[in-house]
Structure formats: structure tokens, C-alpha cells
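Asker: Here you go, one structure.
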């Protein structure tokens, strides 16, 4: 039987076969259920905010109350913190650093004066004559819980948008985990076929950094895999390009010493379409490149180099 010769796909093939968005129906259904549960929970909690006492009760009973209120009332968190800083300064509080929303809530619960001041700011700051002389109306305009605001606090569509914004980070992180799991499953099958080991998310000493996967071990790497899935563009993609450049320099020195280590990059997602220059450079630096539509090529790569394990 002729030995397997792995093929490095051309850049255009990599680019044209990019999966723009990763879709996992089971995960999407689970996230939708979480969104709906949070919407229902928050909707029920917000029903008590129809008086100043109701607002106070909500803040006291719910740890994330100020986060929820500032977002649903479309109040800039940074501007809100500045306004509270002004209140602290005027009331003679010791001022070392600015407070976050959690600390503001804690201070409100510890100080009746602070509670009253912040409640007044949120409930009707827009109509407070003293505040009008100190805070621009452009900033103060949203500081009121009137009938329009109450309708928004009781509108499930508005609450849903807020909940989804709050879950964006979790959604992205979980998508990343699912993608790595899918890549790992392919690696696991290929390694089991040949009886070789692999490790994930581990520091490789010769590179002085962590990699997504390494066969067989960090101390004795044979194949190094970096994985990146990106829906949006960011400066981190430029950093990955620089990482690829440094990696190929190290591996070229290793090859000159007779140590042939294969470097593979997994690149996918719509964000890479928007960073073609970075994508192209990572392709150049890699021995092989993969995406979801070419993931089966991993088996050919391992087959080609199994004799070196």
C-alpha cells in the first residue's frame, strides 16, 4: 500500500469553505430555554416597581438590581457611576475610588442617606431642580421611572433583549467549547486508531505558550494544533498571526536540529473572512490548515507522520 501523503489545502479553498456561523440545534434550544426562564423570572421581579418603596424593596432583595435597572432604563452605567460619585462627594463620603454597581448597592443598604439619594436619582432625577443645575439634561433625561418606563419594565420584549445581551458572553464561550469538543472528538478517534496520546489546552515548553492540542505530549510534541473560531473581527486575530509567525520560527529551528514537528491551524468563522490578511499569513506559517469542512484531513496528516511518533 502506498504511504498516505497529506495535502495542505490552498488558501482560496480554505477561504471558500469557511463555515460562517456554527449552528448546533440542541445548544440553541437550551439557550432559548435559558433566555425564556430568565425573562419570566425578571418579569415577575419587576412587577413590584410601581412606587419608590417598591423600587427600594427590589434593590434590597435582588443583588443584580442596579445592573438590571440601568440596562432596562437605558442608563449608561458609566454615567450613573459618575452621578453617584457626585452624590458621595457632596454628602462627604470618603472618596478613594469610584464604586461599581455592586458596591453602590451595598452602600445603599448600609446608609439610609445613600439609599434615599440614589432612589431619588433613579425614580425622578430628571425632575429634580438641584440635579438639573449640576448634571446636563442630556445625561439626566433617562433618570425617571414614569409610566413609559414602567411599561418598558413590564414589556417582555424589552426584557428579552436585555437578557440576551447579558448572555452574549456565555453564549460565545459555550460555542467555543462546543467547537473545541468537536475538534477533540476527531483527534480522539484518530489517536485511538494509531494508539497515540494527545493533550489539550496545555503549555508546550519549546514554544513557551499554551496550544489547543498537542500529540503526543508537551515535552515531546509531534503535531501541534492551534484552533480559532471567530464570528467577529478583533485585534486578537492579529495576535494569532504573530503567534503563528513565532511558532514557525521555533519549529524551523527544531527541524534544523532534526526534530520535525508539524504545525496545524484550525481557522473558521465569519470573523476570519473579515481578516483575510491575518488568515493568509497564518495559512503561510502552517504546515496544514483545517476548518469544519476539511476536518477529515486531520486523519491524513496523522497517517502521513505516524512513523515519526
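The values are calculated or read from the model by the stated rules, or taken from the named source; none is laboratory data. Since the structure is predicted, the reported quantities are computational estimates derived from the model, not experimental observations. Cβ: placed from backbone, ideal geometry, glycine included. Neighbour counts: every protein chain shown.
Asker: Name every residue in the range 100-138 that is surrounded by 17 or more Cβ atoms within 10 Å (Cβ to Cβ) and farther than 15 Å from residue 59 by Cα, in order of residue number.
Answerer: 125, 126, 128, 131, 135
Asker: Taking the criterion of being touching a residue at least 60 places away in the same chain (Cβ under 8 Å) and closer than 21 Å to residue 264 by Cα, would at least one residue in the range 226-237 satisfy it?
Answerer: Yes; the residues of the range 226-237 include at least one that is touching a residue at least 60 places away in the same chain (Cβ under 8 Å) and closer than 21 Å to residue 264 by Cα.
Asker: Name the pairs whose Cβ atoms lie under 6 Å apart, with the first residue in the range 83-104 and in the same structural domain as residue 134 (by TED's automatic domain parsing), the second surrounded by fewer than 12 Cβ atoms within 10 Å (Cβ to Cβ) and in a loop (DSSP other than H, G, I, E, B), and 6 or more positions between them or separate chains?
Answerer: Close Cβ pairs (under 6 Å, with a partner that is surrounded by fewer than 12 Cβ atoms within 10 Å (Cβ to Cβ) and in a loop (DSSP other than H, G, I, E, B)) amount to 88/95; 89/95.
Asker: How many of the residues making up the range 157-188 are free of Cβ contacts under 8 Å to residues at least 12 places away in the same chain, more than 21 Å from the chain's Cα centre (by Cα) and under 16 Å from residue 295 (Cβ atoms)?
Answerer: The qualifying residues number 2.
Asker: Please determine whether any residue of the range 243-252 is over 24 Å from the mean Cα position of the chain (by Cα) and in a loop (DSSP other than H, G, I, E, B).
Answerer: No; the residues of the range 243-252 include none that is over 24 Å from the mean Cα position of the chain (by Cα) and in a loop (DSSP other than H, G, I, E, B).
Asker: While we're here: Kindly establish whether residue 284 is surrounded by fewer than 16 Cβ atoms within 10 Å (Cβ to Cβ), out of contact with any strand residue (DSSP E or B) (no Cβ under 9 Å at 6 or more places or on another chain) and over 24 Å from residue 188 (Cα atoms).
Answerer: So residue 284 passes the test.
Asker: Next question. Within the range 145-174, how many residues are crowded, with 17+ Cβ neighbours inside 10 Å and out of contact with any helix residue (DSSP H, G or I) (no Cβ under 9 Å at 6 or more places or on another chain)?
Answerer: Of the residues in the range 145-174, 0 are crowded, with 17+ Cβ neighbours inside 10 Å and out of contact with any helix residue (DSSP H, G or I) (no Cβ under 9 Å at 6 or more places or on another chain).
Asker: Could you tell me which numbered condition residue 29 fails, if it satisfies all but one of (1) touching a residue at least 40 places away in the same chain (Cβ under 8 Å); (2) more than 30 Å from residue 306 (Cβ to Cβ); (3) loosely packed, with under 12 Cβ neighbours inside 10 Å?
Answerer: For residue 29, the failing item is (1).
Asker: Go through 196, 206, 183 for me and flag whichever is within 21 Å of residue 304 (Cβ to Cβ) and at pLDDT 95 or above.
Answerer: Residue meeting the stated conditions: 183.
Asker: If residue 142 satisfies all but one of (1) under 33 Å from the mean Cα position of the chain (by Cα); (2) surrounded by 16 or more Cβ atoms within 10 Å (Cβ to Cβ); (3) outside any loop (DSSP other than H, G, I, E, B); (4) modelled with pLDDT under 95, what's the number of the condition it fails?
Answerer: Evaluating residue 142 over (1) under 33 Å from the mean Cα position of the chain (by Cα); (2) surrounded by 16 or more Cβ atoms within 10 Å (Cβ to Cβ); (3) outside any loop (DSSP other than H, G, I, E, B); (4) modelled with pLDDT under 95 leaves (3) as the failure.
Asker: Tell me which residues, restricted to the range 281-309, are part of a loop (DSSP other than H, G, I, E, B) and either outside the structural domain of residue 15 (by TED's automatic domain parsing) or more than 23 Å from residue 242 (Cα to Cα) (or both).
Answerer: Within the range 281-309, 295, 296, 309 meet the criteria.
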